[in-house]
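Structure first, then comments.
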Amino acid sequence: MKNETMQKILHFIEKETKQNAFCVTVAPDAPTGIFDSKFAGLPYWDNTKPYPKDVNGNPMLLLAQFNFDKDSVSAPLPTNGMLQFFIANDESGWGIMNQDFAVVYHETIDTSITEQALAQMGISFCLDDLDMFPVCEPCGVTISPKTVSMNMSDARFLTIFQKAVKAILPEQPLPCTPDDLFGEDFDDFYDNLCDTTNHWLLGYPFFTQFDPREDDESFELNENDIFYDTLLFQMDSDEDILWGDCGVCNFFINKKDLENKNFNDILYNWDCC
């Protein structure tokens, strides 16, 4: 990359937007018991709260769960307990069409719960009857910290880009887009932004279509006006996971709600090519 201006803008964006996140990696040999962090499978549950059901009264399916008693993370994520993501058993949209999904947090984990106890509560999970479920089979995961920065998938990117251009090229008329500024070198600029594909807790989202938080009528977005400002969890397609035609799933939350461990107001989205 030879363009000095491009390097300065990339550095500005990285410095302005960098944050700590956690990369979630499928680990074929990792355990998938009811207390483990995993994708799909039989969920942990206790009978102190009602099990999530869809609008038709059917039990939802576990998409992912994270045991923060076993896997170390840092604030603003909870640093203890179990965080779970459920979606409806609905092959036409997996919960997105009628917002049949749930995010549940257990502040304490009852380690005396058994699979037999779950069965008595009517909780089960069998992929044999779910040919189109996004996760092909239950799989354990590992969680590792990583510093990330924003790329063009995020609806707020153009606002950050304008700020970078104004600071580095004060003579440049605004507004302008990366394509306007870099022309034939745009691909080089794009390729050097942070890669936000794969599975994440926190960080910045990836979309195959567009950011559902975006206001199409406004070129410049005010960060304070964007609801669901924090990516809580992202599950991408890979060898064992398929969202439609190689899509991606995102769960967003307001940062203040996350800090208060309030998971009642969530934006769930998935799209595909």
Within region 143-167, restricting to residues that are among the β-branched types (Val, Ile, Thr) and surrounded by 14 or more Cβ atoms within 10 Å (Cβ to Cβ), the one that is farthest from Trp200 (Cα to Cα) is Val165
Of the residues in region 215-239 that are within 25 Å of Val24 (Cβ to Cβ) and part of a loop (DSSP other than H, G, I, E, B), the one that is modelled with the lowest pLDDT is Ile226
I'd like to know if region 160-171 contains one or more residues that are in contact (Cβ under 8 Å) with a residue 12 or more places away in the chain, assigned to a loop (DSSP other than H, G, I, E, B) and under 20 Å from His11 (Cβ atoms). yes
| If you go through region 44-57 one residue at a time, do you hit one that is touching a Leu at 6+ places or on another chain (Cβ under 7 Å), buried (at least 21 other Cβ atoms within 10 Å of the Cβ) and touching a residue at least 12 places away in the same chain (Cβ under 8 Å)? | yes
Taking first residues from region 240-261 that are assigned to a loop (DSSP other than H, G, I, E, B) and second residues anywhere that are among the small types (Gly, Ala, Ser) and open to solvent by less than 10 Å² (accessible area, probe 1.4 Å), the pairs with Cβ under 9 Å that are 6 or more apart or on different chains are Lys261/Gly81
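The values are calculated or read from the model by the stated rules, or taken from the named source; none is laboratory data. This structure is a prediction, so every number in the text was calculated from the model and none was measured. Methodologically, a virtual Cβ is constructed for each residue, glycine included, from the backbone with ideal geometry; neighbour enumeration extends over all protein chains shown. These area figures cover heavy atoms from the full protein model, side chains too; ligands, DNA and RNA do not enter into them. Shrake-Rupley method; radii C 1.70, N 1.55, O 1.52, S 1.80 Å.
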